[in-house]
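Participant: Below: one structure in C-alpha cells.
The values are calculated or read from the model by the stated rules, or taken from the named source; none is laboratory data. This one's a predicted model, so the numbers in the text were calculated from it and none came from an experiment. Cβ: placed from backbone, ideal geometry, glycine included. Neighbour counts: every protein chain shown. Protein only, heavy atoms only, side chains kept; ligands, DNA and RNA dropped before computing areas. Shrake-Rupley method; radii C 1.70, N 1.55, O 1.52, S 1.80 Å.
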Amino acid sequence: MTHPGQRWAIVVSRFNQRVTDRLLEGAVDTLIRHGVPADAVDVFWTPGAFEIPNMVHYLLNGNKKYAAIITLGAIVRGETPHFDFIAASTSSALADLNRHSNIPVIFGILTCDTMAQAEDRADGKAGNKGAEAALAAIEMADLHYRLKD
C-alpha cells in the first residue's frame, strides 16, 4: 500500500539501456498502478551499475526523503572477469546501504550471463524485474510506514 505524500526514487543505469529502459517502464507503471502520482517519482540516471551505489548514498543523505529507492541495471557477463567485479561490488555496496538505512533500498539489478537472459527479465519470458522491484519497494515502504506509528 502506498501513502499520500510519499516520494519514490529510481536510480537506473544507462549502460545496457535497451534493457534498463524496459525495467524503468515496468517500475514506473507498477508504482502508478498502485496509486503513486507520476510526479512523485524521481528518476536518476547513472552511467553504469557501478555508479548506482554512489547515487543511492547521495539520496539517502540528501534533503528529500523517499519512501524507497529502487535500483535498476543490467550487468551482462562478457569475456573478461569485469562482470564478476562489477556485480559483486555493486550488490555488496547496495546491501550495505540497505542494511544501514531507514529507507528501503531495493535491488533490481539484473546479473545475467547473456543479453537474451537480460531481455527475458526486462519484458519477456521471465516477466519484468523492474515491476517486481517496484512491488518490493511498495511492500517495504508500507512496512516501514506502519512501524513508525
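Participant: Which of (1) surrounded by 15 or more Cβ atoms within 10 Å (Cβ to Cβ); (2) in contact with a His (Cβ under 6 Å, 6 or more places away or on another chain) is the odd one out, the single condition Y145 does not satisfy?
Facilitator: (1)
Participant: May I pose another question? Given the conditions (1) at pLDDT below 95; (2) open to solvent by less than 30 Å² (accessible area, probe 1.4 Å), and given that M1 satisfies all but one, which numbered condition is not satisfied?
Facilitator: (2)
Participant: Within segment 107-123, can you find the residues that are closer than 27 Å to T2 by Cα and not acidic (D, E)?
Facilitator: Of the residues in segment 107-123, the ones closer than 27 Å to T2 by Cα are 107-110, 121-123.
Answer for segment 107-123, where residues must be closer than 27 Å to T2 by Cα and not acidic (D, E): F107, G108, I109, L110, R121, A122.
Participant: To continue, here is another question. Residues in segment 5-27: is at least one open to solvent by less than 20 Å² (accessible area, probe 1.4 Å), part of a loop (DSSP other than H, G, I, E, B) and farther than 22 Å from R146 by Cα?
Facilitator: Within segment 5-27, the first condition is being open to solvent by less than 20 Å² (accessible area, probe 1.4 Å), and the residues that meet it are 8-13, 19-20, 23, 26-27.
Okay, now just the ones that are also part of a loop (DSSP other than H, G, I, E, B), so none.
No: zero hits.
Participant: Something else about it: Would you call H34 surrounded by fewer than 16 Cβ atoms within 10 Å (Cβ to Cβ), without any contact (Cβ under 8 Å) to a residue 24 or more places away in the chain and either within 17 Å of E139 (Cα to Cα) or over 12 Å from the mean Cα position of the chain (by Cα) (or both)? Step through it out loud before you land on a result.
Facilitator: Values: surrounded by fewer than 16 Cβ atoms within 10 Å (Cβ to Cβ): yes; without any contact (Cβ under 8 Å) to a residue 24 or more places away in the chain: no; either within 17 Å of E139 (Cα to Cα) or over 12 Å from the mean Cα position of the chain (by Cα) (or both): yes.
So H34 fails the test.
Participant: Would a scan of segment 120-140 turn up a residue that is more than 21 Å from Q17 (Cα to Cα) and surrounded by 22 or more Cβ atoms within 10 Å (Cβ to Cβ)?
Facilitator: Going residue by residue through segment 120-140, those that are more than 21 Å from Q17 (Cα to Cα) are 135-140.
When the remaining residues are screened for being surrounded by 22 or more Cβ atoms within 10 Å (Cβ to Cβ), the result is 137-138.
Yes, that holds for at least one residue.
Participant: Moving to a separate point now. If L110 satisfies every condition in (1) over 14 Å from the mean Cα position of the chain (by Cα); (2) surrounded by 17 or more Cβ atoms within 10 Å (Cβ to Cβ) but one, which is the exception?
Facilitator: (1)
Participant: Something else: Quick check on my filter: what residues within segment 49-85 are in a helix (DSSP H, G or I), open to solvent by 30 Å² or more (accessible area, probe 1.4 Å) and among the aliphatic types (A, V, I, L, M)? Reasoning before the result, please.
Facilitator: Quick first cut of segment 49-85, residues in a helix (DSSP H, G or I) only: 49-60, 82-85.
Then drop every residue that is not open to solvent by 30 Å² or more (accessible area, probe 1.4 Å), which leaves 50-51, 54-55, 57-58, 82, 84-85.
M55, the sole residue that qualifies.
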